[in-house]
Each structure stands twice: as structure tokens, then as C-alpha cells.
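**Q** This is the structure I want to talk about, given as C-alpha cells.
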Amino acid sequence: MSREVQPDLSGFAFSSNSDSSFSRESSQVSHAASRPPRPQLSSSENIASEPDVVFRRSLKAEHYRLTLRRDGVPLVTIPVRGSEREARRFLEANRDWLHRAQQRQRRRPRAPEVWVPGTHILWRGLMIELRVATTGERAAVCLSADVFRVAQLTIDLRPTLEAHFLRRAKIELPARTWELAATTGVEVKQVCVRNQRSRWGSCTSDGVISLNWRLIQTPDFVRDYIIYHELMHLREMNHSARFWARVEEVCPGWREAEAWIKRNGSLVGL
């Protein structure tokens, strides 16, 4: 059976079990529980809520975990040996941390929900104004030199353009992955381009790499870093010091790519 490795490349995180760490998916705090298991629960179950917080019990969790979701709602995960009472204490003990995480989230840039001519869209790493194309008889728009046909210009163009982006990504991202795999000598079995909502990429131990189509919107050095990251996971299926040494060897600028993701990932909803 293959094992999937998913890089933490999409939000902020802090763990109380160790030194500060950042996992750019969501803000997170955790600590262990010691109560007896409750076998009647499903693997993940919402057990309580208050107006601004969701509490969820999970058989897979080993620690209490406070997560700030992308929609701004705090989520408290309760481990199988935990209790709702202790979860609420954990939440109160980390209110200051939650407040700071919410402030960080509010400062992150966001893409417009509706795309019309004049909207600025992240494309190839730059915020480009969406313009009406002046050539051809059919309706079309352009982002810099790239032209995309649309059914009409008076509706939200985001679904149509994202479909165009996905088609291009399915051509460009696998081709670049095969190229970098050849230069690094890593054997890859398959490259998939997916509509991942919380990850830039993932891989399995049997050589399958999955990439988020939104990488086509990022700068080339960020795209390449994510590909290198997954390629190195095929050699080290973990995030150990040895793994990061391998990443450093093939992609010396990975820290700059991580910094870009931290600053701008929210522009594509990650």
C-alpha cells in the first residue's frame, strides 16, 4: 500500500509539544489527552459548538488541537481520550494565541470572488489586470500575453478562466515534473494534476506525484520548489533533517519559495 506525504505549505501553525513551527495550512495549537476512549464515536464527530467555535471529536487525533480554518472559524479537535470540558479549558488557555492567529489571517491578501474585466488576478506570479482582448470575432479576455476565449463578457469569468488554467496546468505541470525528475535522477511513476483545496502537492511511496493546478498561477521558482519537494519525498518519506538537506541540494532557494507561499498563498485560496 502506498503512503501519501503532504507538505505543510498553506497556513500557519504552532504546537505546544515542541518549539514553534509553522505549517501554512491553518493556525494550530495542540496538547495530549489522557482520558479513556469512547468507542461509540465515529472517526470524526461534531459534539458541540458555540457561536464562534466548532468542537469536533476525532478517533484519529492524539492531542487536543486548536485550528483556525480558512473561513476564520476556530476548530477545536478533541482526541478519543479527551473530554469536551478539557477542550474548552484548552481553548480558553490559548485565546491569546487564537487572537494573534486571527489577526495574521486577516492581514493575508485575498483574491476577488468575482472576475470581470478590470479585475487583478494572480497569473504566473504577478497580479495582472484582466482585459478584454481586441483581436478576433469571438469574445475573449487576456492576462498579459495569454488570451482566453469566453462565452460572454458580462458574467463572472472566474469559472471559465479557472477551467482554462486547469487545462494548461495538466499540460505544463507534468511536463516540468518529468523534466526535473530526469535532472535529479528520481524515478516517478505518474504525475496527476488535481483540484486540491488545502495542499500544493502530495506524493505516494510508489512514485505517484499529485500537484495542485493553481501552481500555474505562481512564479516559476515556487512551482519548481513544490515539484522538487515532492521529488525529494520519493527519497525521504518524511520531513526529517535529511529530507530538508535533500531539498536544499536540489533547490537552494526553497526558503524564498516558502516565504512567497506564506505571503501569497491566500490569493489562490491556499
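The values are calculated or read from the model by the stated rules, or taken from the named source; none is laboratory data. It should be emphasised that the depicted structure is a prediction, and the values quoted were computed from it without experimental measurement. Cβ sites come from the backbone with ideal geometry, for glycine too, and all protein chains shown count toward neighbours.
**Q** Scan region 84-101 and report the pairs whose first residue is over 17 Å from residue 68 (Cβ atoms) and whose second residue is modelled with pLDDT under 90 and buried (at least 17 other Cβ atoms within 10 Å of the Cβ), with Cβ atoms within less than 7 Å and a gap of 6+ or a chain change.
**A** 86/33
**Q** Sticking with this one: May I ask you to say which residue of 154, 160, 177, 183 is among the polar types (S, T, N, Q) and not in a helix (DSSP H, G or I)?
**A** Selected residue: 154, the only one of 154, 160, 177, 183 that is among the polar types (S, T, N, Q) and not in a helix (DSSP H, G or I).
**Q** Of the residues 215, 166, only one is closer than 26 Å to residue 113 by Cα, at pLDDT 95 or above and buried (at least 17 other Cβ atoms within 10 Å of the Cβ); which?
**A** The unique qualifying residue is 215.
**Q** Is there a residue being of a type outside the set (Gly, Ala, Ser) and in contact (Cβ under 8 Å) with a residue 40 or more places away in the chain anywhere in region 137-157?
**A** yes
**Q** Which of the residues spanning region 194-243 are among the hydroxyl-bearing types (Ser, Thr, Tyr), outside any strand (DSSP E or B) and in contact with a Gly (Cβ under 9 Å, 6 or more places away or on another chain)?
**A** Within region 194-243, 198, 218, 225 qualify.
**Q** Suppose we filter 167, 138 for residues that are of a type outside the set (Gly, Ala, Ser) and part of a helix (DSSP H, G or I); which single one remains?
**A** Exactly one residue qualifies, and that residue is 167.
**Q** Report whether or not residue 76 is in a loop (DSSP other than H, G, I, E, B), modelled with pLDDT of 50 or more, aliphatic (A, V, I, L, M) and surrounded by 17 or more Cβ atoms within 10 Å (Cβ to Cβ).
**A** Considered against the rule, which asks whether it is in a loop (DSSP other than H, G, I, E, B), modelled with pLDDT of 50 or more, aliphatic (A, V, I, L, M) and surrounded by 17 or more Cβ atoms within 10 Å (Cβ to Cβ), residue 76 comes out as no.
**Q** All but one of (1) among the acidic types (Asp, Glu); (2) over 30 Å from residue 130 (Cβ atoms); (3) modelled with pLDDT under 70 hold for residue 25; state the number of the condition that does not hold.
**A** In the conditions (1) among the acidic types (Asp, Glu); (2) over 30 Å from residue 130 (Cβ atoms); (3) modelled with pLDDT under 70, residue 25 misses (2) alone.
**Q** Same structure, new question: Would a scan of region 106-123 turn up a residue that is over 26 Å from residue 216 (Cβ atoms), touching a strand residue (DSSP E or B) at 6+ places or on another chain (Cβ under 9 Å) and in contact (Cβ under 8 Å) with a residue 60 or more places away in the chain?
**A** The answer is no; no qualifying residue exists.
**Q** Would you check which residues across region 84-118 are buried (at least 17 other Cβ atoms within 10 Å of the Cβ) and modelled with pLDDT of 90 or more and list them?
**A** 86, 87, 90, 91, 94, 98, 115
Conditions (1) farther than 16 Å from residue 126 by Cα; (2) exposed (fewer than 14 other Cβ atoms within 10 Å of the Cβ); (3) in the same structural domain as residue 189 (by TED's automatic domain parsing); (4) free of Cβ contacts under 8 Å to residues at least 12 places away in the same chain, marked per residue:
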residue	(1), (2), (3), (4)
219	no, no, yes, no
231	yes, no, yes, no
237	yes, no, yes, no
240	yes, yes, yes, yes
259	no, yes, yes, yes
